[in-house]
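A quick write-up on the structure given underneath.
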Amino acid sequence: MSKLRVFYLDDDKDDIELFLEATESFDNVQVVVFTDGDTMLRNLHLIKKIPNALFVDLNMPKRSGLDVIKEIRIYDRYTDMPIVVLTTIGYNNIEKSREAGANYFVIKPTTISKLKRALKHVLDIDFSTFRPATIEEFALTDVDALP
């Protein structure tokens, strides 16, 4: 099985450490971290193989996560690339994220075990067929509600 290549955009060092710690337990995931949207966008345009998923924090310096998502969605090349919002600035940004072009929204869990569960859930989604009809299907606001 080939590794899933995941881009993670976040400027918070603690959140980056938590994300990397959570994903290191997944044998099939390789994470590339970016701490600002402009650098991530430049790299995205330079690579040949599009990542299997992009996780984006909304609260970013210079360019917000929403602006990064909107910019990515301008290009046809990235139409099928799943974009998952992973942020602490919650409920009022769910619909904005959907409108910007995100495929899924996760309120960032605060413990490693909950983050692992959330990431496993997201990485198990088949985004080629996943079309959430409601905000409840689009957003994971409580990891404890997962089966």
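Here D126 clears all of (1) in contact with a Gly (Cβ under 6 Å, 6 or more places away or on another chain); (2) surrounded by fewer than 21 Cβ atoms within 10 Å (Cβ to Cβ) except the condition numbered (1).
Against the list (1) of a type in the set (A, V, I, L, M, F, W, C); (2) more than 22 Å from F34 (Cα to Cα); (3) surrounded by 12 or more Cβ atoms within 10 Å (Cβ to Cβ), the condition A145 fails is (3).
Among the candidates T23, T88, the residue that is under 23 Å from K120 (Cβ atoms) and surrounded by 15 or more Cβ atoms within 10 Å (Cβ to Cβ) is uniquely T23. Here is a check on your reading of the model: is L41 closer than 22 Å to L119 by Cβ and at pLDDT 95 or above? No; evaluated as a whole, the condition is false for this residue.
The values are calculated or read from the model by the stated rules, or taken from the named source; none is laboratory data. Keep in mind that this is a model prediction, so the values were computed, not measured. Glycine gets a Cβ as well: all are built from the backbone with ideal geometry, and neighbour counts include every protein chain shown.
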